[in-house]
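Q: Input: one structure, supplied below.
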Amino acid sequence: MRIVLFSMLFFTFISAMAQEFRSDISYKYMFANKWEKAIQTYNFSRPFLEEKQPLLMHGLTASASYIFKSSKKLKHGVHLSYSNFKSSAENDKLNNVLNLHFLNLGYIIHFQNNENAKGFYTDLIISAVSSGLCRYVNDEPFNYDDTRSKAFGIGGGLSIRAGYYLNLKKTELIYLLSFWLVTRHMFIHPIVKR
Amino acid sequence: MNRRHFIKKTTLFSIGGLLIPSAFLSACKKESLFEDLNYDGKVIIIGAGAAGLYAAYILKSKGINFQILEASPNYGGRLGKLTGFANFPIDTGAQWLHGKNSILGDLITKSNTKLTLDNSETKYWFNNQLVNSLPQNTAIFEGDDLPDISYSDFALQKGLGNEYKYIVENIAGDQGAAASRLSVFGNNQDEENWNSGDDDFKFQETFFDLIDTQIANQVKDSILLNTIVSKIDYSQPTIQITDSNNNSYNADKVIITVAIPILKSADIQFVPALPNEKTTAFSKIGMDAGMKVFLKFSNKFFDQNIIGGPICAAYADDSIGKAQNDQVLLAFVMGEQAEYLTSLGSDTSITTALLQELDTMYNGQATASFIVSHVQNWTTNPFVKGAYSYSTIGMGDARNIAAQPINKKLYFAGEAMNTNGHHQTVHGAVETGYREVINILNDIKK
């Protein structure tokens with residue numbers, strides 16, 4: 001059993017919210033020691049590459065949450081998000097692209113105290129995570145033994161998000177600003193397919 | 001502040017919050033290992049096979065001072081090239097690329113090296129006749145809970161009787177071993193770790209050419225050929241290496257890539273002596289006799305693969321994947337069969353024994369159309385002494401122990417030291433080459 005740990009910083013820059021439904025697109029910065037080590041080793045062991053493979057660090061996330069109606073300060077709901085990280089190195093006759101996908105489905109606990117701190121909120125998200133890593137060489141999926149090379153993993157994630165949102169009453173949209181979010185994913189069962 | 005200004009400011013704040021920390025964090029991370037590490041010590045590599053050449057190639061890329069000491073008159077180790085024998089170049093050593101999911105796979109793509117998938121057809125010599133298939137399934141050596149016994153004993157347990165002896169010998173021979181010595185459990189564990197791919201590829205040119213043009217060419221100026229290392233004294237901070245002509249070489253780190261029989265037979269004296277645990281581990285790693293005999297004929301009477309001969313359990317059409325098609329049949333002889341042929345004493349006797357076997361299979365056509373042979377006996381090569389390493393019965397963790405560095409001075413590479421299931425292969429040897437450079441640089445960093 002292999003465990004991969006990583007955490008992410010998360011900066012929301014676009015968000016929309018109806019009363020119970022909210023969605024956002026975010027930039028995500030990833031720490032993943034094992035993958036970083038793997039790419040660093042890949043680069044180290046291949047002096048013939050003119051351009052080194054960038055680390056998988058920068059990604060985009062699209063997420064949606066549905067918060068169940070409640071008069072309490074502590075609400076709960078469901079959360080779905082998709083994240084993509086890409087690393088591309090163009091070398092003569094060897095263009096190598098790594099594409100990493102995450103899909104999170106989880107339970108969200110939303111806390112907002114409008115009496116003391118209007119607009120500020122805190123989310124706790126507990127989710128199941130699946131991930132997939134694909135490699136492309138020279139714009140083609142990397143195959144060997146006539147099978148596409150890919151790896152999958154499943155695990156769990158715990159996210160904490162704090163933010164502030166501004167209500168634009170005319171449009172009934174609320175712009176939401178997440179100050180930070182830290183997610184810790186633990187892959188309890190990476191399924192390395194190829 | 002009105003709403004418009006507020007939104008503008010929060011948007012700017014958000015983008016700033018995105019860019020500034022990520023730019024800072026990105027700058028802290030390096031794309032490769034040891035990017036900022038400078039080392040002014042000297043590394044000596046013993047052996048200019050695939051592992052030694054690749055270690056040198058990595059050291060050169062890091063700007064580290066190195067030298068390679070090679071015992072034989074040629075570099076390449078168990079890679080070699082024969083020209084002029086046929087109208088295509090021949091690999092006298094390793095010739096199949098076992099899977100493309102490796103450094104060499106990337107190097108092949110980048111260098112546009114031409115490969116052909118070897119999906120040649122097989123005939124079996126079974127009950128004194130050539131047949132297209134076997135009555136019983138012989139794929140019995142993979143699975144769970146396999147015992148740590150030999151392939152030959154396990155085959156008998158599973159009902160593969162004496163008529164399958166040389167079929168099983170061929171299966172073990174693929175691993176460079178006699179069926180009586182290869183561990184079912186050990187080899188299955190190796191197979192479970194294997195992840196470079198199961199397809200076998202042949203080079204239109206040669207495997208040697210790939211290593212020569214892409215790797216050796218970068219470092220060959222630093223190879224001292226005909227330098228037989230006889231002693232490594234690592235008792236002092238500076239390691240002193242002595243060759244058979246009493247020349248001395250000083251180094252701060254030494255990467256030893258010699259074939260495992262050289263370490264087993266103590267051809268190199270270590271001062272102080274290597275720990276018992278280490279020498280015991282060496283002794284547990286198997287390496288049997290192995291030879292390749294190339295038989296050139298005037299016409300093609302033979303099949304693409306012939307499996308199960310009592311003299312040679314594996315013949316293969318060597319023209320497959322080549323641009324030209326002279327009729328060359330490779331006799332790939334391993335284990336006890338290689339020991340027997342070696343015992344015949346001369347290349348002529350070896351060739352005669354193989355022709356007799358082929359005559360039996362093909363009604364005398366072999367001798368009738370035989371032109372010339374070339375025997376490459378790796379067993380009698382004093383700097384190799386065998387084919388490639390395999391997992392013996394009761395081997396346990398020997399490969400891991402054997403591969404461990406000693407005192408941050410001696411580092412061990414070569415196919416036999418590959419601990420991720422890729423031993424026996426060129427790409428496995430290459431992996432140990434860069435692994436030991438990483439070990440050296442990690443030790444320096446500490």
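Any read-out appearing in this document is the output of simple, stated calculations on the displayed coordinates, not a laboratory observation. Keep in mind that this is a model prediction, so the values were computed, not measured. Neighbour counts run over all protein chains shown; Cβ positions are idealised from the backbone, glycine included.
Q: Give the relative contact order (percent, whole number) for segment A:47-142; include only Cα pairs under 8 Å separated by 6+ residues.
A: Result for segment A:47-142 is 25 percent.
Q: Another question about this same structure. Dipole magnitude of the protein assembly as shown about its Cα centre, charges +1 at Lys/Arg Cβ and -1 at Asp/Glu Cβ only, in debye to the nearest 20? Walk me through the intermediate numbers first.
A: Working: 59 positive and 61 negative charges, 828 e Å.
Approximately 3980 debye in magnitude.
Q: Related question: Considering amide H positions built from the backbone, and no H for Pro or chain starts, which residues 5 or more places from B:ILE256, or on another chain, come under 5 Å of its amide H?
A: Sorted by chain and number, the residues that satisfy this are B:ILE46, B:TYR411, B:PHE412, B:ALA413.
Q: Then there's this: List, in order, the whole-Hz ³J(HN,Hα) value for each residue of segment B:102-119 obtained from phi through the Karplus relation with A = 6.51, B = -1.76, C = 1.60 and θ = phi - 60°; use x for Gly and Pro.
A: Here the 3J(HN,Hα) series is 7, 4, 5, x, 5, 5, 5, 4, 5, 8, 6, 6, 8, 10, 10, 5, 8, 10 Hz.
Q: If you add up the charges near B:ASN377, with Lys and Arg at +1 and Asp and Glu at -1, over every other residue whose beta carbon is less than 10 angstrom from its beta carbon, what do you get?
A: Details: positive: B:LYS292; negative: B:ASP347.
Combined, the nearby Lys, Arg, Asp and Glu give 0.
Q: Sequence-distant or interchain residues sharing an amide H contact under 5 Å with B:ALA314, placed H: which?
A: Under 5 Å from the amide H of B:ALA314: B:GLY308, B:GLY309, B:PHE332.
Q: For chain B, just the Cα set please: Rg and Dmax, both in angstrom.
A: 25.4, 102
Q: How large is ³J(HN,Hα) for each residue in segment B:374-381, as worked out from phi by the Karplus curve 6.51 cos²θ - 1.76 cosθ + 1.60 (θ = phi - 60°), to whole Hz, x for Gly and Pro?
A: For segment B:374-381, the Karplus curve yields 9, 9, 10, 9, 6, 5, 8, 6 Hz.
Q: Which GluC sites (Glu not before Pro) from segment A:50-143 combine a DSSP loop assignment with at most 15 other Cβ atoms within 10 Å?
A: Those that pass, being in a loop and sparsely packed, are A:GLU50, A:GLU51, A:GLU115.
Q: For segment A:70-85, take each phi angle, set θ = phi - 60°, evaluate the Karplus expression 6.51 cos²θ - 1.76 cosθ + 1.60, and give the result in whole Hz per residue in order, putting x for glycine and proline.
A: 6, 8, 7, 5, 9, 10, 9, x, 10, 9, 10, 9, 10, 10, 9, 10
Q: While we're on this one: Within a 10 angstrom radius of the beta carbon, how do B:LEU37, A:LEU158 rank from fewest other beta carbons to most?
A: On the way: B:LEU37 12, A:LEU158 15.
Fewest-to-most Cβ neighbours within 10 Å comes out as B:LEU37, A:LEU158.
Q: If you don't mind, another one. Based on other C-beta atoms within 10 Å, arrange B:TYR166, B:TYR340, A:TYR42, B:TYR315 from fewest to most.
A: Numbers: B:TYR166 23, B:TYR340 16, A:TYR42 20, B:TYR315 28.
If I rank by nearby Cβ atoms, fewest first, I get B:TYR340, A:TYR42, B:TYR166, B:TYR315.
Q: Count charges around B:VAL430 for me, please; just the other residues with Cβ under 12 Å from its Cβ, Lys/Arg as +1, Asp/Glu as -1.
A: Working: positive: A:ARG46, B:ARG435; negative: B:ASP106, B:GLU415, B:GLU431, B:GLU436.
Spelling it out: positives minus negatives among the neighbours equals -2.
Q: Quick check: net charge around B:LYS409, other residues with Cβ under 15 Å of its Cβ, Lys/Arg +1 and Asp/Glu -1?
A: Values: positive: B:LYS42, B:LYS231, B:LYS253, B:LYS278, B:LYS408, B:LYS446; negative: B:ASP233, B:ASP252, B:GLU436, B:ASP443.
So the environment of B:LYS409 carries a net charge of +2.
Q: For chain B, what is the mean residue ellipticity at 222 nm derived from helices alone (per DSSP H run of n ≥ 4: -39500 (n - 2.57); sum divided by total residues; nearest 500 deg cm²/dmol)?
A: Values: 14 runs with 147 residues, N = 446.
Calculated at 222 nm, the ellipticity per residue is -10000 deg cm²/dmol.
Q: Near the amide H of B:ILE371, under 5 Å away, which other amide H atoms are found, from residues 5 or more places off or on another chain, if H is placed in the peptide plane?
A: Amide H neighbours of B:ILE371, under 5 Å, 5+ apart: B:LYS296, B:PHE297, B:SER298.
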